[in-house]
Ligand code: 9MR
């Protein structure tokens, strides 16, 4: 399952690139001033990431932030060039769609829908049930008595509004937190407290009823490494899926968020590949939903930082992408211009993180080439 040969080849290519980069910066007595370091740029006319993915029956996409959608045409042009799918970074969350009880506001989400339709891109809906990004009124009103109607009424309205136009719904997001010591390793969210684990049954059934054509996804983070707390989450995920499927809950896919950490040394490709195979063995699809690679544990030097980020993602993708149940990859933003990681995990030296495929000037980085190479090397499905 793990493509060692490809990793080695890919590794030697990047080692060559690193040598070339160093060479370009070197000076000899009497020579002209150092040239800028070469950046691996997609040649003009070279296919974008989604075109490469589509050649193998996969897709590539990115999260889109509202402000960038409205005010950054250069970035949006790059999104169009590289993406076949977009997902609202915040515009489809509960606080955006129903800020007041009884009042739905689809303006931000509809703006993304129009952008996607105009540019022939598909859209993921993110997310119906989560413990974050909820309007204050919701948690104030949520009780064991009101919970079911609140949840199913919301999902019927939202999935009904977008019916037939959404490729996937993240029906439930980040539901695991074994440290909370709840049944099935579930997170002690307001939903769990009000309704027990059956809040998941209600959510998936309501989504299936309101928009049967949208793929129903359980989206989760923290299942990437052989760290004890992540191993626990993998086991909890497999048990939860088995339980849901046995109860006839219509979950169809697992989203692996893939918020990776370039300084993490416990990536276990075999274990990760087995985890994907176990999910697929239950008849479920897998989507890489929020890939980015934090670099706050790495030294500042940009070329080596970019190489390390790309190598880390390459190792992760080498383990996951070969499985035919994997449908595609989305990154959590396309350009380093803006990333949630800068506020959540600021670098100690104050420099911005470089977690995404394009740099802040929208030039492709080694991570772009890694993702392109992973699609080029993938088996057609
Ligand atoms: O990147 C998102 C950030 O801008 C929002 O403030 C935050 C809360 O809505 O959500 C971030 O996106 C998260 C995603 O919805 C779920 N997985 C983790 C992402 C990063 O926190």
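The values are calculated or read from the model by the stated rules, or taken from the named source; none is laboratory data. Just so it is clear, the structure is predicted and the values come from calculations on it, not from any experiment. Because the Cβ atoms are built from the backbone with ideal geometry, glycine has one as well, and the counts that use them run over all protein chains shown.
Summary of values
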| item | result |
| --- | --- |
| Residues of segment 114-138 that turn out to be outside any strand (DSSP E or B), away from the ligand (no atom under 14 Å from the Cβ) and either in contact with a helix residue (DSSP H, G or I) (Cβ under 6 Å, 6 or more places away or on another chain) or over 26 Å from residue 202 (Cα atoms) (or both), as a count | 8 |
| From 328, 350, 373, residue being more than 18 Å from the chain's Cα centre (by Cα), at pLDDT 95 or above and not in a helix (DSSP H, G or I) | 350 |
| Test: residue in segment 318-329 that is within 16 Å of the ligand (Cβ to nearest atom) and farther than 15 Å from residue 259 by Cα | no |
| Residues that are touching a strand residue (DSSP E or B) at 6+ places or on another chain (Cβ under 9 Å) and either more than 10 Å from the ligand (Cβ to nearest atom) or more than 14 Å from residue 331 (Cα to Cα) (or both), drawn from segment 75-89 | 75, 76, 78, 79, 82, 83, 84, 85, 86 |
| Some residue of segment 243-258 being within 16 Å of the ligand (Cβ to nearest atom), part of a helix (DSSP H, G or I), at pLDDT 95 or above and over 18 Å from residue 322 (Cα atoms) | no |
| Meets criteria (over 24 Å from residue 361 (Cα atoms), under 13 Å from the mean Cα position of the chain (by Cα) and assigned to a helix (DSSP H, G or I)) for residue 317 | yes |
| Subset of segment 97-113 [within 16 Å of the ligand (Cβ to nearest atom) and surrounded by 19 or more Cβ atoms within 10 Å (Cβ to Cβ)] | 97, 98, 109, 112 |
| Options 333, 297: the member that is outside any helix (DSSP H, G or I) and within 16 Å of the ligand (Cβ to nearest atom) | 333 |
| Index of the failed condition, residue 285 passing every other in (1) within 26 Å of residue 82 (Cα to Cα); (2) within 16 Å of the ligand (Cβ to nearest atom) | (2) |
| Hits in segment 139-156 - residues which are within 30 Å of residue 61 (Cβ to Cβ) and either within 15 Å of the ligand (Cβ to nearest atom) or out of contact with any helix residue (DSSP H, G or I) (no Cβ under 8 Å at 6 or more places or on another chain) (or both) | 153 |
| Segment 300-314, residues that are surrounded by fewer than 21 Cβ atoms within 10 Å (Cβ to Cβ) and either at pLDDT below 95 or within 14 Å of residue 374 (Cβ to Cβ) (or both) | 311 |
| Close pairs from segment 82-106: first under 19 Å from residue 67 (Cα atoms) and touching a residue at least 60 places away in the same chain (Cβ under 8 Å), partner in a strand (DSSP E or B) and away from the ligand (no atom under 16 Å from the Cβ), Cβ under 6 Å, at least 6 apart | 85/59; 85/122 |
| Residue check, residue 183 over 21 Å from the mean Cα position of the chain (by Cα) and either within 16 Å of the ligand (Cβ to nearest atom) or at pLDDT below 95 (or both) | no |
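Every residue, every condition in (1) surrounded by 22 or more Cβ atoms within 10 Å (Cβ to Cβ); (2) more than 25 Å from residue 141 (Cβ to Cβ); (3) within 16 Å of the ligand (Cβ to nearest atom), yes or no:
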| site | (1), (2), (3) |
| --- | --- |
| 194 | no, no, no |
| 197 | no, no, no |
| 200 | yes, no, no |
| 205 | no, no, no |
| 225 | no, yes, no |
| 229 | no, yes, no |
| 235 | no, yes, no |
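Residues are listed down the side, and each one gets a yes or a no for (1) surrounded by 24 or more Cβ atoms within 10 Å (Cβ to Cβ); (2) part of a loop (DSSP other than H, G, I, E, B):
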residue: 47; (1), (2): no, yes
residue: 52; (1), (2): no, no
residue: 57; (1), (2): no, yes
residue: 61; (1), (2): yes, no
residue: 68; (1), (2): no, no
residue: 75; (1), (2): no, no
residue: 80; (1), (2): no, no
residue: 86; (1), (2): yes, no
residue: 90; (1), (2): no, yes
